[in-house]
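The values are calculated or read from the model by the stated rules, or taken from the named source; none is laboratory data. Fair warning: this is a prediction, and the values are worked out from it, not measured in the lab. Neighbour counts run over all protein chains shown; Cβ positions are idealised from the backbone, glycine included.
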Amino acid sequence: MQIRFDNSRFERCKVADEYFVGIEKALWIDEQHFPNSAPIRLLRMALTPGSYPVPAISEINIYIFFGTAGHANLDVGLGSQTCKIESGLMGVGPSATDCDYVIDAPTELLMLNMAAPWLRWAFEQRLPGFNGGDFGLVHEGAFHDTTIEAIVSRLWSEVAAGCAERMLLETGSLTIASLLLMRSGRDFRQAEPAARGGLSPFRLKRVEAVIGDRLSEDLSIAELADEAGLSHFHFTRAFKASTGETPHRYLVARRIARAQEMLVSTDLPVTEIALACGFASSQHFATAFRRSLNTTPSMYRAKMRS
């Protein structure tokens, strides 16, 4: 899914985003925006040796190296740090800060950017005063975190396979933000009572009804959180406390259950069932179905009708 570097494409991106001055040195860059989702973007790029300045933008920038040679000089506004490039090494550039990345050997990067205003809104109840773009101690140096690496890699894999869902992107991004906050030195222990005890039966019933009525739609965490009267972050924790599942896993399970019913009770083509149950494509549906039931939709239909 690599998009070879095209200077005219870069100029359009630069005008829109004012991002990565000098990116024309990249061998290739693939950038994924999600206009109907939270303000998140994923980039994967192969970089040649050189300097890659990043002007102050309203996003935090999480970068993960996948190279195994050379050194990087990283400056995210707190002074420069030189480190040996290793696969999985990562760092976080704060928002509203000029940053510069200098590498002395070819390497690949996977990056996740999240808008600071969105993060501020998502965590406003738990961390009053958090601006969404400053993660404190996290910015002081590069580090390894296998959980964050796995989540970012999973998000990229889902995007590359055409299986990325709004709720998956949002849940994954907020989980990463929570992990970074735990490293930030901030007091992250305060908790809303509802988050510890789960949703009230009334709130849970309302949220489950929304999910059931809108299975074919690309639901967001924000819509469900609004229904429950909670912030983004607290809703996710409270929902899992009540159901044992994240909102995204619960949504996928409901979609699979609806699809199972339709495969047995109707003669609709698999593609139509996939779209009716909220999957982006028949491939997306087949992947989710196999993960859940270890078989394909067509094989399931044939078995249930035999």
* Of all residues making up region 107-124, the number that are in contact with a Gly (Cβ under 7 Å, 6 or more places away or on another chain) and either of a type in the set (Val, Ile, Thr) or more than 22 Å from GLU223 (Cβ to Cβ) (or both) -> 2
* Give the residue that is farthest from the chain's Cα centre (by Cα), with candidates limited to residues of region 130-165 that are charged (D, E, K, R) and part of a helix (DSSP H, G or I). => GLU140
* Right, PHE239: in the same structural domain as PHE202 (by TED's automatic domain parsing) and either at pLDDT below 90 or out of contact with any Lys or Arg (no Cβ under 9 Å at 6 or more places or on another chain) (or both) or not? -> yes
* Asked: In the set LEU181, LEU174, LEU137, which member is in contact (Cβ under 8 Å) with a residue 40 or more places away in the chain and surrounded by fewer than 16 Cβ atoms within 10 Å (Cβ to Cβ)?
  -> LEU137
* Can LEU263 be described as farther than 18 Å from THR171 by Cα and in contact with a Phe, Trp or Tyr (Cβ under 7 Å, 6 or more places away or on another chain)? -> yes
* Is region 66-83 home to any residue that is within 22 Å of VAL159 (Cα to Cα), of a type in the set (Val, Ile, Thr) and touching a strand residue (DSSP E or B) at 6+ places or on another chain (Cβ under 8 Å)? -> no
* To do: Could you tell me whether any residue of region 25-37 is assigned to a strand (DSSP E or B), surrounded by fewer than 21 Cβ atoms within 10 Å (Cβ to Cβ) and modelled with pLDDT of 85 or more?
  => no
* Asked: So, of the residues in region 255-306 that are of a type in the set (Lys, Arg) and either touching a strand residue (DSSP E or B) at 6+ places or on another chain (Cβ under 7 Å) or under 16 Å from GLY162 (Cα atoms) (or both), which turns out to be modelled with the lowest pLDDT?
  -> ARG291
